[in-house]
Amino acid sequence: MAYESLEECGRSSFKPDAKRGYWANPNDFIYAGMGLAFRLDAFTLSWYFLMESSFISFVIAYLISLVVYIIPFIVIQSFLGQFSSSGYISAFRITPHFKGLGYVALLLNMFVISFYSIFAVVPLVYMFVSMQPTLPWSCEGFKKWATNLTQEEERNLCNIRNASETDYSDKYIYNHYIPSALYFKTFFNDKNSAELSISWQLILCAILVWAIVTLLILKFFNTERFGKIIRYTIWTLLGLLVILIIRFSFLPGYGHVFRRFGIPNRVDIIKGILSIPFDGVIALGPGWGLFITLSSFNKFKTNIMKQSCLIGLGQLVIVIGLVLLANFTEKYFKEVTSFHYVSEVGHVWDLYLSAGSVMSHMAWANLWSILYYFMLFLAAMLLIIMHLYTMLTTIFDEFESLRDLKAEVSICLTTMPAVISLYFTSNHGIKYLKVFLFDSYISQTIINLLLILIVLWIYGRIRFQRDMEFMINEHLSTWQIDFLRFVAPFEMLLALIGGKQRQQLKS
């Protein structure tokens, strides 16, 4: 049944890879899906949506996005993967004329993984630096290297100035620079930002990151072992997240964070709804089609409806934890600067660069800094490994001749993004990173719109319902399918327009 439309087109039949394996534990798919919520690059890029609304308003908006976007797309992608038992290229044999979309997704994923590695490199650099006796971004360490600051940078958290100390009115609000963010600028010798400057610290850590990735891919290219790595990593990340939330909750200004658990604001909820594509991108992971390949390791009768709901709720818990961490950080800055702090450090780097200065004022600052940046590093490494594993599996599913050359293909596929990623260790790469991120989100959302067209319109509602019932022994209601066919695309288009306008205003 799965090969019906392919044979009708007169093409050679698909030959499944008998060695691709299944999850050792059925819950490994849930762990893998939950792990995608640690996609902190998307989380920080859309941060200005979260900071403008109350906490309850954000949760309500995210729950709406779970219903209209996240869970439906997890179900659709999981259906493609589990029903076809193949990656996101071969899965499109249900509609062979759109199989090229899988190749487009593969190229997009190659580009995404190239710049995504910087989110493992930066925490690794900061983690190593945190092992020094004195943190460079503490006020004591700050004085040793902060010699060429601009007049604006002189106003920082180690040199706090109140409005009453200036000639400005008491209502004047200005930005205090953050030492841990200023420290990042010392990696580059870019007195003239037009000149290309490459950081040797970032390059060394990038080489280390890709060496670890290559070793893990070659040694653990096995679905059962891959699932165990994901399972243990998720538990480690959740443990670190809980510990850090507890510690950050004792920072000055924590009362303002908890007071944000207030009455929902209708305007804030509307703003949150406009950020639904960003929430969806966080849930679906870096690149596109990860759930298709991850679900292909399920047994055929696995109930993907139940698993998709559990994944969505698990991701909500993780995102709430990350929201709390960022809110504690933001409120701390406003507290220590008497609310004269304006968050203009860089929205892509809020959880990476800004938090360092928060921990420098804690007891045992080095320990907390190491734990914090290790969590960020581990989260990024998990997603890089998952991303590459799904790409390799997709290639081996589609190209039978390459299945006997797994080691060679794995090395080549790892080397290409590793080389490209070196550009993002430069000042120019960092400067344009936000543009690349936002463009990739737009591309992924467009592909999701095409996915609705392919599965629910061209492949058809009736066949989709029939195949789902055959696979999981549960009937999917017609109104649920019609909701996906009509309401979800309309909501996505509105949210894309609103998100694009906000991005332009923010730029």
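The values are calculated or read from the model by the stated rules, or taken from the named source; none is laboratory data. From a predicted model like this one, the values you see are computed outputs, not experimental measurements. With ideal geometry, Cβ positions are generated from the backbone for all residues, glycine too; neighbour counts draw on all protein chains shown. All accessible areas refer to the heavy atoms of the entire protein, side chains included, with ligands and DNA or RNA removed. Shrake-Rupley method; radii C 1.70, N 1.55, O 1.52, S 1.80 Å.
Working carefully through the options LEU405, LEU453, find the one that is open to solvent by 20 Å² or more (accessible area, probe 1.4 Å), free of Cβ contacts under 8 Å to residues at least 40 places away in the same chain and within 15 Å of GLN77 (Cα to Cα).
Selected residue: LEU453, the only one of LEU405, LEU453 that is open to solvent by 20 Å² or more (accessible area, probe 1.4 Å), free of Cβ contacts under 8 Å to residues at least 40 places away in the same chain and within 15 Å of GLN77 (Cα to Cα).
Consider region 54-68. How many of its residues are open to solvent by less than 10 Å² (accessible area, probe 1.4 Å), of a type in the set (S, T, N, Q) and more than 20 Å from PHE486 (Cβ to Cβ)?
Selection size over region 54-68: 1.
Identify all residues within region 475-485 that are under 13 Å from ASN303 (Cα atoms) and surrounded by 12 or more Cβ atoms within 10 Å (Cβ to Cβ); write none if there are none.
Once the filter is applied, which keeps residues that are under 13 Å from ASN303 (Cα atoms) and surrounded by 12 or more Cβ atoms within 10 Å (Cβ to Cβ), region 475-485 yields only LEU476.
Yes/no per residue for (1) open to solvent by 10 Å² or more (accessible area, probe 1.4 Å); (2) out of contact with any helix residue (DSSP H, G or I) (no Cβ under 7 Å at 6 or more places or on another chain); (3) closer than 30 Å to GLN77 by Cβ:
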| position | (1), (2), (3) |
| --- | --- |
| TYR352 | no, no, yes |
| ALA363 | yes, yes, no |
| PHE374 | yes, no, no |
| SER401 | yes, yes, yes |
| VAL409 | yes, no, yes |
| THR414 | no, no, yes |
| LEU433 | no, no, yes |
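With at pLDDT below 75 and in a helix (DSSP H, G or I) as the only criterion, which of LEU484, LEU494 stands out?
Matching residue, one of LEU484, LEU494: LEU494.
Read through the list (1) closer than 17 Å to THR393 by Cα; (2) within 20 Å of the chain's Cα centre (by Cα), then give the number of the only condition that GLY87 fails.
(2)
For every residue, the table says whether it meets (1) assigned to a loop (DSSP other than H, G, I, E, B); (2) open to solvent by less than 10 Å² (accessible area, probe 1.4 Å); (3) in contact with a Cys (Cβ under 7 Å, 6 or more places away or on another chain); (4) modelled with pLDDT of 85 or more.
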site	(1), (2), (3), (4)
ARG247	no, no, no, yes
HIS256	no, no, no, no
VAL267	no, no, no, no
VAL281	no, yes, no, no
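Go through region 362-402 and give me each residue that's in contact (Cβ under 8 Å) with a residue 60 or more places away in the chain, outside any helix (DSSP H, G or I) and among the aromatic types (Phe, Trp, Tyr).
Matches in region 362-402: none.
Looking at region 286-321 only, could you name the residues that are touching a helix residue (DSSP H, G or I) at 6+ places or on another chain (Cβ under 8 Å), over 19 Å from THR390 (Cβ atoms) and among the β-branched types (Val, Ile, Thr)?
Selection gives ILE318, VAL319, ILE320.
Would you be able to say whether some residue in region 95-105 is open to solvent by 40 Å² or more (accessible area, probe 1.4 Å), in contact with a Phe, Trp or Tyr (Cβ under 8 Å, 6 or more places away or on another chain) and closer than 24 Å to MET362 by Cβ?
Among the residues of region 95-105, not one is open to solvent by 40 Å² or more (accessible area, probe 1.4 Å), in contact with a Phe, Trp or Tyr (Cβ under 8 Å, 6 or more places away or on another chain) and closer than 24 Å to MET362 by Cβ, which makes the answer no.
Looking at region 69-78, can you tell me whether even one residue there is among the hydrophobic types (A, V, I, L, M, F, W, C), open to solvent by 20 Å² or more (accessible area, probe 1.4 Å) and modelled with pLDDT of 75 or more?
Yes, the conditions are met somewhere in region 69-78.
With respect to LEU215, is the statement that it is open to solvent by 30 Å² or more (accessible area, probe 1.4 Å), more than 20 Å from TYR352 (Cβ to Cβ), touching a strand residue (DSSP E or B) at 6+ places or on another chain (Cβ under 7 Å) and modelled with pLDDT of 75 or more true? Quick ask: steps written out before the conclusion?
Numbers: open to solvent by 30 Å² or more (accessible area, probe 1.4 Å): yes; more than 20 Å from TYR352 (Cβ to Cβ): yes; touching a strand residue (DSSP E or B) at 6+ places or on another chain (Cβ under 7 Å): no; modelled with pLDDT of 75 or more: yes.
When the stated conditions are applied, LEU215 does not pass them.
Give just the number: which of (1) open to solvent by 20 Å² or more (accessible area, probe 1.4 Å); (2) closer than 30 Å to ILE292 by Cα does ILE384 not satisfy?
Failing condition for ILE384: (1).
Considering only residues that are surrounded by fewer than 21 Cβ atoms within 10 Å (Cβ to Cβ) and either within 15 Å of the chain's Cα centre (by Cα) or farther than 30 Å from PHE220 by Cβ (or both), look in region 416-431 and name the one that is modelled with the lowest pLDDT.
By that ranking, first place goes to LYS431.
What number of residues within region 38-68 satisfy the criterion of being modelled with pLDDT of 75 or more and within 24 Å of TRP235 (Cα to Cα)?
Of the residues in that region, 8 qualify.
Filter region 302-324 down to residues that are open to solvent by 10 Å² or more (accessible area, probe 1.4 Å) and β-branched (Val, Ile, Thr) and give me whichever is farthest from ASN25 (Cα to Cα).
Only one residue fits best here, namely ILE320.
The conditions are (1) more than 30 Å from TRP200 (Cβ to Cβ); (2) assigned to a helix (DSSP H, G or I); (3) among the polar types (S, T, N, Q), and SER114 fails exactly one of them. Which is it?
(1)
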